[in-house]
Amino acid sequence: MKNRLILYVLVLVILFSLGFTLPTDMRSLSIDIFIFAIYAMAYDILYGYTGQFSYGQAVFFGVAAYGLLLPVLHTNTNLWVSLTIALVITVVFGIVLGFLAVRLGGAYFVIITIIFNLTFYLIALDWIWLTGGDDGLTFRAPKIEFGVFSLSLYDPVVTYYFMLSFLLASYLILKRLISSPIGKVLIAIRENEERAQLIGYNVFRYKLLAYVVSALFTGLSGALYSLRTRYASADYFNIALSVQPIIWTLVGGAGTLTGPIVGVILINPLIYYIGVWWKHYLSIIGALMIFVVIYSPKGIVGNLINKIEKS
Amino acid sequence: MKDSEKSIIIETHELTKSFGGLVALNNVNLRIPKGELRAIIGPNGAGKSTLLNTITGRLTPTSGEIYFLGEKITGLPPHEIARRGIALSLQIVQVFPNLSVFDNIWLGVKMRFKTRNPFIHWRQLKVIEEKVIEICKKIGLENKIDEIASNLSHGDQRLLDIAIALSTNPKLLLLDEPLAGLSVKERRHVSNLIKELSQEKTIILIEHDIDAVMRLADRITVLDRGRVIAEGTPREISEDRQVQEVYIGSRE
Amino acid sequence: MPIEPTIVNKIILAILNGVVWALIIALVALGLTLIFGLMDIVNIAHGDFYMLGAVLAWYGVALFNNFWLGAVMAMIFTAILGAVVERSIIRPVEGLPAFTVVVTIGLSYIIQQSVLATFGGSPQTVPEPIRLTIEFLGIRYPAYRLFVAGVSGLALIALGVFLFKTPYGLWIRASMQDKEIASAMGINVSNVYIMTFSLGAMLSALGGALAAPITQVFYLMGLDVLAISFIIVIIGGLGSLKGTLIAAFIISLLENFITLVATPTEARVISLLIMGAVLLIRPKGLFST
């Protein structure tokens, strides 16, 4: 318990001091990692904790990215308003899509989430008047306003701390969620859905809740990402973006919340650097997925963490 | 409502369930008063498990009604029926395999309590924790409280399954072959436990072990090919000719 | 085609195109549902088998100037690939649906990138191997498309005969019903799996090869086919062969009709809405029992 507290403080101190010491490219990579770490945790709530294997989370990433971009672009709303709009829209989409996808579970769930994803991508490519299609849309990032004073997202150091605080807040909220009775019921559903229902839990409602919470945080990640890139395109709905959290979770270990973050830290730089020298890096990702699932299904890091925690 | 009916906890009225052409339950009428331990026996395929599955809402009856405490529960979803106070321990052990004994029972106990703050940390709910430990003691799992369910022996998993059913504090407990696959020692432990539980709860027990049934049951209902063919005290049933025929017939 | 097509001409065209696509997509979707029904595998790489069929047909024309050789090559190649894939990477995760998805996503990436590396990233066209057009009912229609309809129809009939009239088909259907009983009856379920996966891959590739001259050949072309096949399979009922076949016709005809007045994307959105409605009313598909 005490060790854990020290670990937390240490991690915080390191994360805080890295903000102004890291070289530019490393800082840039860190900001990406913070944003995608939120996405990874969101996926873990859905798959790792509730056992719902989605292959279509990019829908929420893209919806929220445009949910933030469009108000800023067309009506020049401030940051907090746009972010709220983005998240509200994402939750609405989450509820509607979840209502259709969650009920049947299993293979149906996987297939329906893929269909959503592919269809949304098609729409985003086609409705250029709305999304800018493949070329996308750019916008000026609004200032971060706190009452009288404000900060600019054009300063990478500010962006670093801005994204870091969202990551920490998301972590705390989700950690609390899984430590609450709700979290326990989600795990119970993953373990034995039938039994959970037989002792009186409305399984559908809990699964839908997990789906919507996951959509919300995936959306947060997407909105922050569009804020960071000051851009969004149909590619934010790309099905490849739905594969990412699966890889993070597989590598980091499902149902650990921190595991998938480790997955992001390991995989994203890897993709970045391999991508630089070989354009067919996706085939390595493909091979990695097959390898991990067959030889280390509990996740490479998940296995390690288990061992450390037990010792 | 008449006085005599108030004490009826569960009643089925002309309950019928068919799968395609196969009739698993055929106009079954049951009336079980509060506090009784009712055993349901019958040869394989008599419809015993179908009956329990229909009562708990896992199967929807083809026709007929089910009343629990005077209210119609036919067609309600399983979680709704469970919330009203019917718990089931299945023939095939159903636990949460990768969770500890504590967590398994905790989930059932939690059902009874409404928490105002949904984001409260589970450790802050001390009342629930106390109840879990109480149930563990009662059932005889207090030494294994932190063990992972899937690591338990079959006998202990069976106990845990019953404990989960009990943890929701049901008014009616349905036990589907609780003695199946247990060692002699475990059988004795579980049947003593059932005896003890029957002091405070209404129980419907399905069991193939006729000796145990004779010892435990207040009354026995005999099913054969989906029909009730006899009902009475253990003594009456053991002397019933029709029952003997069914049993002797099926044993050959 | 007439210079100023009347509405009747357009409707006839939509029906013809709808039927041709329905038959092609039925080949793909039946393979998908067969594999799922038997092995509980959601095969993400199924669209890539379709793409491989089209790409190999293109190579047939490019290298040997022979489309038919390409199509046959495609079928043989994917059948072998399917068998190898089933044995090597699907078998170890059998019975774990989420993991089979992951494995087939991985496979999908590998196939796509291999094609990208060899075939290239820009869309190609394959000339129609039969360059006749037939005039009837006031329209001129490419004979090749009618030929495609004929071949697909024959392939579907052959599949039906295979599944319902041969011992192999009986084994597949028996294993779909109950694996344990099937293996107790002495059926080698392991071989049935390989055969089915291989057959499914081959059907998909045949669809792709036949479609190549009608559409554009592109390394990501499988995604769109995967999406429509999944919609069809959900509407028809996962694992239901009859449902898949009927849903293929409904959706394909419908999308072709809608594109008379709207864009293909809008047509797809309507298909999605129909799927949503089916999920609400008959969650397990229109033709589930």
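The values are calculated or read from the model by the stated rules, or taken from the named source; none is laboratory data. None of these values were measured; they are calculated from a predicted model. A quick note on method: Cβ atoms are made from the backbone with ideal geometry, for glycine too, and the neighbour counts reach across all protein chains shown.
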- Task: Output the residue which, of all residues in the stretch A:167-176 that are of a type outside the set (Ser, Thr, Tyr) and buried (at least 20 other Cβ atoms within 10 Å of the Cβ), is farthest from the other protein chains (Cβ to nearest Cβ).
- Result: A:167
- Message: Could you check the stretch C:116-146 and list, in sequence order, the residues that are part of a helix (DSSP H, G or I) and touching a Leu at 6+ places or on another chain (Cβ under 9 Å)?
- Response: C:116, C:143, C:144, C:145, C:146
- Query: Is the stretch C:10-29 home to any residue that is in a loop (DSSP other than H, G, I, E, B) and out of contact with any Cys (no Cβ under 7 Å at 6 or more places or on another chain)?
  - Reply: no
- Item | Qualifying residue in the stretch C:213-228 (condition: touching a residue at least 60 places away in the same chain (Cβ under 8 Å), in contact with a strand residue (DSSP E or B) (Cβ under 9 Å, 6 or more places away or on another chain) and surrounded by fewer than 18 Cβ atoms within 10 Å (Cβ to Cβ)) | yes
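Okay, residues lined up against (1) in contact with a Pro (Cβ under 6 Å, 6 or more places away or on another chain); (2) under 21 Å from residue A:55 (Cα atoms):
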{"residue": "C:4", "(1), (2)": "no, no"}
{"residue": "C:8", "(1), (2)": "no, no"}
{"residue": "C:15", "(1), (2)": "no, no"}
{"residue": "C:18", "(1), (2)": "no, no"}
{"residue": "C:35", "(1), (2)": "no, yes"}
{"residue": "C:40", "(1), (2)": "yes, yes"}
{"residue": "C:60", "(1), (2)": "no, no"}
{"residue": "C:71", "(1), (2)": "no, no"}
{"residue": "C:90", "(1), (2)": "no, yes"}
- Quickly run through the stretch B:108-144 and pick out the residues that are touching a residue at least 40 places away in the same chain (Cβ under 8 Å) and at the interface with chain A (Cβ under 10 Å from one of its Cβ atoms). B:108, B:109, B:111, B:112
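If the requirement is being within 25 Å of residue B:238 (Cα to Cα) and over 20 Å from the mean Cα position of the chain (by Cα), which of these qualifies: B:44, B:27, B:98, B:117?
Working: B:44 fails: over 20 Å from the mean Cα position of the chain (by Cα); B:98 fails: within 25 Å of residue B:238 (Cα to Cα); B:117 fails: within 25 Å of residue B:238 (Cα to Cα).
None of the others qualify; the one that does is B:27.
With respect to residue A:185, determine if the residue is within 11 Å of chain B (Cβ to nearest Cβ) and either without any contact (Cβ under 8 Å) to a residue 40 or more places away in the chain or assigned to a loop (DSSP other than H, G, I, E, B) (or both). Don't jump to the end; show me each part of the working.
Numbers: within 11 Å of chain B (Cβ to nearest Cβ): yes; either without any contact (Cβ under 8 Å) to a residue 40 or more places away in the chain or assigned to a loop (DSSP other than H, G, I, E, B) (or both): yes.
Criteria met by residue A:185.
Quick one: would you say residue C:50 is within 29 Å of residue A:244 (Cβ to Cβ) and more than 11 Å from every other protein chain (Cβ to nearest Cβ)? Write out each step before concluding.
On the way: within 29 Å of residue A:244 (Cβ to Cβ): yes; more than 11 Å from every other protein chain (Cβ to nearest Cβ): yes.
For residue C:50, the condition - within 29 Å of residue A:244 (Cβ to Cβ) and more than 11 Å from every other protein chain (Cβ to nearest Cβ) - is met.
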- Output the residues belonging to the stretch B:147-191 that are in the same structural domain as residue B:37 (by TED's automatic domain parsing), without any contact (Cβ under 8 Å) to a residue 40 or more places away in the chain and closer than 27 Å to residue B:43 by Cβ. B:179, B:181, B:182, B:183, B:184, B:186, B:187, B:188, B:190, B:191
- Residue satisfying all of: in the stretch B:85-105; in contact (Cβ under 8 Å) with a residue 40 or more places away in the chain and assigned to a helix (DSSP H, G or I); farthest from the other protein chains (Cβ to nearest Cβ) among these: B:101
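Of all residues in the stretch B:54-67, count the ones that are over 14 Å from the mean Cα position of the chain (by Cα) and not in a loop (DSSP other than H, G, I, E, B). Quick ask: steps written out before the conclusion?
First, the residues of the stretch B:54-67 that are over 14 Å from the mean Cα position of the chain (by Cα): B:59-67.
Subset that is not in a loop (DSSP other than H, G, I, E, B): B:63-67.
Qualifying residue count, the stretch B:54-67: 5.
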- Subset of the stretch B:112-166 (residues that are part of a loop (DSSP other than H, G, I, E, B), closer than 25 Å to residue B:79 by Cα and either among the aromatic types (Phe, Trp, Tyr) or at pLDDT 90 or above (or both)): B:113, B:119
- Message: Here are the criteria: (1) away from chain B (no Cβ under 14 Å); (2) within 22 Å of the chain's Cα centre (by Cα); (3) under 16 Å from residue A:50 (Cβ atoms); (4) without any contact (Cβ under 8 Å) to a residue 40 or more places away in the chain. Tell me which single one residue A:162 does not satisfy.
- Response: (3)
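Could you check how many residues of the stretch B:105-127 are within 18 Å of residue B:85 (Cα to Cα) and touching a helix residue (DSSP H, G or I) at 6+ places or on another chain (Cβ under 9 Å)? Reasoning before the result, please.
Filtering the stretch B:105-127 down to residues within 18 Å of residue B:85 (Cα to Cα) leaves B:105-114.
Filter again for touching a helix residue (DSSP H, G or I) at 6+ places or on another chain (Cβ under 9 Å), leaving B:105-113.
Count: 9.
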- Item | Selected residue [buried (at least 23 other Cβ atoms within 10 Å of the Cβ) and over 26 Å from residue C:42 (Cα atoms)] from A:79, A:68, A:46 | A:68
- Message: Tally up the residues in the stretch C:273-289 that are within 10 Å of chain A (Cβ to nearest Cβ) and in a loop (DSSP other than H, G, I, E, B), please.
- Response: 3
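Going through C:47, C:82 one at a time, which residue ends up being under 17 Å from the mean Cα position of the chain (by Cα), surrounded by 22 or more Cβ atoms within 10 Å (Cβ to Cβ), farther than 22 Å from residue A:54 by Cβ and modelled with pLDDT of 95 or more? Spell out the reasoning first.
Working: C:47 fails: farther than 22 Å from residue A:54 by Cβ.
None of the others qualify; the one that does is C:82.
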- Query: What are the residues in the stretch C:92-146 that are surrounded by 17 or more Cβ atoms within 10 Å (Cβ to Cβ), without any contact (Cβ under 8 Å) to a residue 40 or more places away in the chain and aromatic (Phe, Trp, Tyr), if any?
  - Reply: C:99, C:109
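Mind listing just one residue for me: the one in the stretch C:241-272 that is facing chain A (nearest Cβ under 10 Å) and not in a loop (DSSP other than H, G, I, E, B) and, of those, farthest from residue A:124 (Cα to Cα)?
C:271
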- Query: When you go through A:251, A:262 one by one, which is the residue that is crowded, with 16+ Cβ neighbours inside 10 Å, away from chain C (no Cβ under 13 Å) and within 16 Å of residue A:300 (Cβ to Cβ)?
  - Reply: A:262
